[in-house]
C-alpha cells in the first residue's frame, strides 16, 4: 500500500482493508493516541501553523465535496500548501485519518447541543426523535459516511460522549442494557437505510444525467400496459399519490418505531408493577 492510503491494481485483499474505507484498519494504537491526545506531537519539520486539527478539517472538506476516494495525503498536502511528508509527522496515513474524521463528524451534533444549552431531552420519545433527526442531518452533510465500514470503530471522545448522552436519555425506558443498545442500533439502522436510498437516488441522477422524472417517464408505457393486463391487481388499484415525493417516509417510519418501543416500555412497566 502506498503511503497515501491507495493500493495498486494488483493489491491483495489484506491491502484492501487498509485503504482508508474501513475504520480501525490502520495502526489502532496510533489512532487511539491521536484521538485521546496521548501521542507525541511533532517537534520539528512541519510548516508553521500546520496542526492535526487543520489536517482533519481539510480531509473532511475534500470528502464532503468529492467523496472519500478523493482524500489522500498528497491531495491534502496540496490543500494545506505543505509537503506530503509534513503530514506524516502528524498522522500515519489515510486509514488512521479516517478514524479521526469519523470521530470529528460524530461530534458535530454534540457541539450543536452544547450551543443549544443542554443534553438530549429527558423524554425518551423526544430524545429518539432528536437522535434520528441529527443523525440524518449528519449523513446528508457528510454522505461519505455511508461509504465506509464502521463495524469496528476506533472509539474516540466524541463517539463515547454521544453514546453516553444517548444512553442517559433512554434510561427512563426501563429496558435492560443490551436492549438500550438495541434501540440505538434500530434507530440508526433505520436512518442509515433511508439516507442511503436518498443518496443512491441522487448519485444515479449524477451518473446517468437523467432526472427521476425522466427515468420513470421512460418506463410509463410499459408500466401502464402491465397495470391494464390484470396481472397486478394490487398495484393497479393503488392511488395516484402512492409514490408521491411529498410523503414523509422519515417521519412515518420514525413515528412507527417510537410507537413500537412504547408498547415494549408499557409491557415492562406493567410487569414491573405486577411483580412489585
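We did not get these values from a lab; they are worked out from the coordinates using the rules stated. Since the model is a prediction, treat every value here as computed from it, not as a measurement. Note that we place each Cβ from the backbone using ideal geometry, even for glycine, and neighbour counts take in every protein chain shown.
List of remarks:
- When you count the other C-beta atoms within 10 angstrom of each residue and take the mean per peptide, 198-205, 209-216, 70-77 line up highest first as 70-77, 198-205, 209-216.
- The chain, relative contact order in percent, only Cα pairs under 8 angstrom and at least six apart counted: 20 percent
- Relative to the longest principal axis of the Cα atoms of the chain, the long axis of helix 212-228 makes an angle of roughly 30 degrees.
- Computed from Cα positions, the angle between helix 177-208 and the longest principal axis of the chain comes to roughly 90 degrees.
- Column: log10 I(q)/I(0), Debye, Cα scatterers of segment 104-201, q = 0.12, 0.17, 0.18, 0.19 Å⁻¹: -0.38, -0.79, -0.89, -0.99
- Helix axis angle, 249-275 relative to the chain longest principal axis, alpha carbon, degrees: 80 degrees
- Working from label points 7 Å from Cα in the Cα-to-Cβ sense, the residue 125 to residue 53 distance is 4.1 nm.
- Burial ranking of peptide ranges 95-108, 146-159 (average Cβ count within 10 Å, highest at the top): 95-108, 146-159
- Rough spin-label spacing in nm, given labels placed 7 Å along Cα→Cβ, for residue 228 and residue 147: 4.4 nm
- Simple label model, 7 Å out from Cα along Cβ direction - residue 211 to residue 176, nm: 5.3 nm
- Restricting the calculation to Cα atoms, the chain yields a radius of gyration followed by a Dmax of 23.3, 76 Å.
- A quarter of the convex hull surface defined by the alpha-carbon atoms of segment 120-276 gives 13.7 nm² as the mean projection.
- Linear extension gain, residue 188 paired with residue 259, 0.36 nm per residue minus alpha-carbon span: 23.9 nm
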